[in-house]
Ligand code: ADP
Ligand code: ADP
Ligand code: ZN
């Protein structure tokens, strides 16, 4: 090796896989704090596009409310733009993307263009039967985005966010029992095959996500620490 030549530090990009309600968003926010990575949620980006009334948002709104997947074309374009922003350069935690094989291949291409790859894909393993209860009780702070649950993660003072003190809590239009059923169908048909996709490349890890939030976080921290070592 030549003297003085520095090996570039490649960014650590992680993918969180799992059905709606598995805990991807909850865990991604904690990993973001612990490891200094940036959480990138296509669900959040799409909801922002819907709220802003952009062309993509107008196309996505009804599809999201029905619990189906937004087209690969729209989602890949949104992801590509976000990934190009400076804060993503040192690594991202992808939460809710990719959701189809087409998206996974597009992601590989986008990362290869900038000399990066997926360091680990972590599957949050849960029973579908528990997801309706998780989704039905989910709410989020409108101020800072912190996620809560009516039974499993309540704030210290009812109605007041632990993180920012805000009191505007929001529930999602698609977080109802009927839509969740369709979202689980979409997950199994279109997204679950990605578990084998990443397994075949030797970057898959599985975490038991039926355990309480803190226990899942511990297991996940151990997996990510080992991955980054
Ligand atoms: P996803 O992003 O995978 O859809 P979330 O992180 O939003 O899932 O979690 C869904 C709901 O379940 C939230 O209300 C969250 O507080 C709660 N939750 C997350 N992980 C767990 C867990 N391990 N046990 C119980 N409830 C959880
Ligand atoms: P959850 O993790 O609870 O399933 P998300 O916030 O990730 O919810 O996604 C909400 C909705 O946004 C999905 O049901 C789907 O309609 C759309 N969506 C989010 N990410 C994608 C994606 N990568 N591909 C297609 N549709 C997506
Ligand atoms: Zn808050």
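The values are calculated or read from the model by the stated rules, or taken from the named source; none is laboratory data. Quick caveat: nothing in here was measured; it's all calculated off a predicted structure. Note: ideal-geometry Cβ built from the backbone for every residue, glycine included; neighbour counts use all protein chains shown.
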inquiry  = Condition first: part of a helix (DSSP H, G or I) and either farther than 27 Å from residue 147 by Cα or modelled with pLDDT under 95 (or both). Now tell me which residues in the range 89-122 satisfy that.
reply    = 101, 102, 105, 106, 108, 109, 110, 111, 112, 113
key: Where a residue in the range 210-225 is within 19 Å of residue 150 (Cβ to Cβ) and its partner, wherever it lies, is crowded, with 16+ Cβ neighbours inside 10 Å, with Cβ under 7 Å and at least six apart   = 210/126; 213/23; 213/26; 213/153; 216/23; 216/27; 216/207; 216/209
task = Can you tell me which residue within the range 106-143, out of those that are within 16 Å of ligand 3 (Cβ to nearest atom) and in contact with a strand residue (DSSP E or B) (Cβ under 7 Å, 6 or more places away or on another chain), is farthest from residue 155 (Cα to Cα)?
result = 142
message = Anything in the range 20-39 that is surrounded by fewer than 24 Cβ atoms within 10 Å (Cβ to Cβ), over 16 Å from residue 215 (Cα atoms) and touching a residue at least 24 places away in the same chain (Cβ under 8 Å)? List them, or say none.
response = 32, 35, 36, 37, 38, 39
request  = Kindly indicate the residue of the range 159-178 that is loosely packed, with under 13 Cβ neighbours inside 10 Å and more than 15 Å from ligand 1 (Cβ to nearest atom) and also nearest to residue 21 (Cα to Cα) among those meeting that condition.
outcome  = 178
note = When the range 32-54 is checked residue by residue, the ones that are more than 30 Å from residue 218 (Cα to Cα) and assigned to a helix (DSSP H, G or I) are 48, 49, 50, 51, 52
